Amino acid sequence: MAKKDDPLRSAIHEAVRGAIADDKRAAERKVRQDARRQEREADATLAATDPQASLRERLAQIEGQLASLRAHQKKGDALAGRLVETLELERVRLLAKLGR
């Protein structure tokens, strides 16, 4: 004889599965939040010890982007050309702030 599905039992099982999934998502969210908090604290500590670190980091990002964009600009990409101009201006400003 086949066992009948008990609607109450099914509802309870579904509620328990949902609660477990919610707890798992909450734990994962907390881990991500803690990681972001630690990263912010590390950035703040670094900024306090080396105030120009963020400027040097942005300069490195710009130089990496410029290399790629210049290749596109040589192929005739007008948008890449405008981006190169904008990044070059930002690069000059950063170099001035860094005293280079």
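The values are calculated or read from the model by the stated rules, or taken from the named source; none is laboratory data. If you're wondering where the values come from, they're calculated on a predicted model, not measured in any experiment. Backbone-built Cβ (ideal geometry, glycine too); neighbour counts: all protein chains shown. In case anyone asks, the SASA skips ligands and DNA or RNA and just uses the protein heavy atoms, side chains included. Shrake-Rupley method; radii C 1.70, N 1.55, O 1.52, S 1.80 Å.
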Does any residue of the range 90-100 turn out to be open to solvent by 90 Å² or more (accessible area, probe 1.4 Å), in contact (Cβ under 8 Å) with a residue 24 or more places away in the chain and in contact with a helix residue (DSSP H, G or I) (Cβ under 6 Å, 6 or more places away or on another chain)? yes
Test result for Ala48, in a helix (DSSP H, G or I) and more than 29 Å from Leu95 (Cβ to Cβ): no
Hey, does the range 9-18 have a residue that's under 26 Å from the mean Cα position of the chain (by Cα) and either of a type in the set (S, T, N, Q) or at pLDDT 90 or above (or both)? no
Any idea how many residues of the range 19-49 are within 15 Å of the chain's Cα centre (by Cα) and open to solvent by less than 100 Å² (accessible area, probe 1.4 Å)? 5
Looking only at the range 74-87, decide whether some residue is loosely packed, with under 10 Cβ neighbours inside 10 Å and at positive phi. yes
